[in-house]
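A.B. asks: The structure under discussion is supplied below as structure tokens; questions concerning it will follow.
Derivation of every value follows stated rules applied to the coordinates shown; laboratory data play no part. The structure displayed is predicted, hence computed values, not measured ones. Using ideal geometry, Cβ is built from the backbone for each residue, glycine included, and neighbour counts are taken over all protein chains shown.
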Amino acid sequence: MIYLDNASTTKMFESAAGQYQKYACQLFYNPSAFYRPAREVKKGLDGARKCLLERLEAKQGQIIFTSGATESNNLAILGSRRNGKWEYVFSMGEHPSVFNVARELERQGCVVHYVLLKNNGEIDYDALENVVNEKTRLVCVMHVSNETGVLNDIKKVSQIVKSKSKALLHVDGVQAFNKIVFSVDELGVDSYTISAHKFHGPKGVGALYIRNQSSLKSIVFGGGQENDLRSGTENVPGIMAMKEACEQINVLKNFEQTQMLKKALVQILMEDKNIKIVESYSPYILSISYHGVNGETLSRALQDEGVLVSTGSACSTKKAGNRILESMGMRKEEVVSSIRISFNAYMSKAEVEEAGRKILECAQRLSSLKI
Ligand code: PMP
């Protein structure tokens, strides 16, 4: 099988699984306990926080461990709510773990604004500027799109938000963290979401970076772990495995390697003029469509040929169409023809080229059958 759905999840590093095993079976102590072995575990967690803060290039702020990006996004959004007539702003490109929280805020009576994307997939910065005002409490704009790989200029977003309001800026960084080089300090974000299983760590563990503790309130109540922002005994094996995965990754080297893989695939796909490619900054994600061929049919045919791709985010309902591609102004026919190909830095060029040829073969065959 050639696995090209790494934006959905990645294979865990063996060394990360080793750390998981160690902290599940040997150093299994509760990090909140007072005795010595437990204090060692707590030290391990502090090391993991430091590791993530370093990778985020954050000189200040803290890491709150969570059960993954969905929880991190919920905490950043719901935890920022305050009584009064506040407004909330979301880009239309957000993952469901942000977008459906926005919908929930609306249901609860909050004023929520949605900002459309430009044709190139970035948020419409002018539209954002028009909607942010002194009543804005929170703005959410993702860093790299999980559907298209398009990068938003978060520094520019931050400048817009901070010049017009005292609002917080939350960024979902799931498809950017450990994939592209950046510094949260330079970007000017207030909170940033991370998920371990997108960078060869385990599923069900992630983190929320927050610059300022007082900007957030907890959304779960209990023993007061994680500076009272996320009660519940920490998932120590998961966190230590996440740290290990993080340490194994050389972001720049992997970026260059993946860029080479993506270029090799694009070169093959461009041989057929029926293929349309969404240009994107991230080398890890490529969204394409083949004129007249249904994306779901194509991805099923590819599965039979041993190539696994996605028809878009695994978490979004395809029946409802693709909100993100549609909000970029893509025509309906193109949206239903879209497939998402997503790489990891450890695959070979030969594998990617083989997948490219199979994509062409399958698409051309289906096209001739008019499916
Ligand atoms: N945000 C983005 C951009 C994602 O791609 C994903 C995973 N599809 C999530 C959030 C949710 O991540 P998790 O599975 O860790 O909840």
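A.B. asks: What does DSSP give for the stretch 14-248 in terms of the percent of beta bridges that are antiparallel, rounded to the nearest 5?
C.D. replies: Details: 12 of 27 bridges.
Antiparallel bridges make up about 45 percent of those DSSP assigns within the stretch 14-248.
A.B. asks: Additional query: When the chain is fully extended, how far beyond the present Cα-Cα distance does Ser32 get from Glu333, taking 0.36 nm per residue of separation? Provide the component values of the computation, followed by the final result.
C.D. replies: On the way: separation 301, 0.36 × 301 = 108.36 nm, distance 5.47 nm.
This chain segment gains 102.9 nm when fully extended.
A.B. asks: How far is helix 251-269 tilted off the main Cα axis of the chain, in degrees rounded to 10, range 0 to 90?
C.D. replies: Taking the Cα atoms of the chain, the angle to 251-269 is about 20 degrees.
A.B. asks: Nearest 20 debye, what's the magnitude of the dipole of the stretch 59-128 about its Cα centre given +1 on Lys and Arg Cβ and -1 on Asp and Glu Cβ?
C.D. replies: On the way: 7 positive and 8 negative charges, 58 e Å.
The calculated dipole for the stretch 59-128 is roughly 280 debye.
A.B. asks: In debye, nearest 20: dipole of the chain around its Cα centre with unit charges on the Cβ of K, R (+) and D, E (-)? Walk me through the intermediate numbers first.
C.D. replies: Details: 47 positive and 41 negative charges, 145 e Å.
Using Cβ point charges on Lys, Arg, Asp and Glu, the chain gives about 700 debye.
A.B. asks: To the nearest 10 degrees, how steep is helix 349-369 against the longest Cα principal axis of the chain, on a 0 to 90 scale?
C.D. replies: The angle comes out near 50 degrees.
A.B. asks: Quick check: Cα centre of the stretch 160-234 to Cα centre of the stretch 34-62, how many Å?
C.D. replies: Result: 15 Å between the Cα centres.
A.B. asks: Quick check: the angle from helix 96-107's long axis to the longest principal axis of the chain, C-alpha only, nearest 10 degrees?
C.D. replies: 70
A.B. asks: Quick check on the exposure proxy: order Cys25, Cys362 from fewest to most C-beta atoms within 10 angstrom.
C.D. replies: On the way: Cys25 9, Cys362 22.
Ordered by Cβ neighbours within 10 Å, fewest first: Cys25, Cys362.
A.B. asks: Between their Cα atoms, which of Lys11/Lys179; Lys243/Lys349; Lys155/Lys276; Lys50/Lys203 are more than 26 Å away from each other? Before the final figure, lay out the partial values.
C.D. replies: Values: Lys11/Lys179 15 Å; Lys243/Lys349 28 Å; Lys155/Lys276 30 Å; Lys50/Lys203 21 Å.
Listed pairs above 26 Å: Lys243/Lys349; Lys155/Lys276.
A.B. asks: Quick one: if the Förster radius is 22 Å, what FRET efficiency do Lys253 and Glu354 give, using the C-beta to C-beta distance and rounding to 0.05? Write down the numbers at each step before the final one.
C.D. replies: Numbers: r = 24 Å, r/R0 = 1.07.
Once rounded, the FRET efficiency stands at 0.40.
A.B. asks: I've got another one for you. So how far apart, in nm, are the two label points at Glu40 and Phe221 if each is 7 Å from Cα heading toward Cβ?
C.D. replies: Going by the 7 Å Cα→Cβ label model, 3.7 nm.
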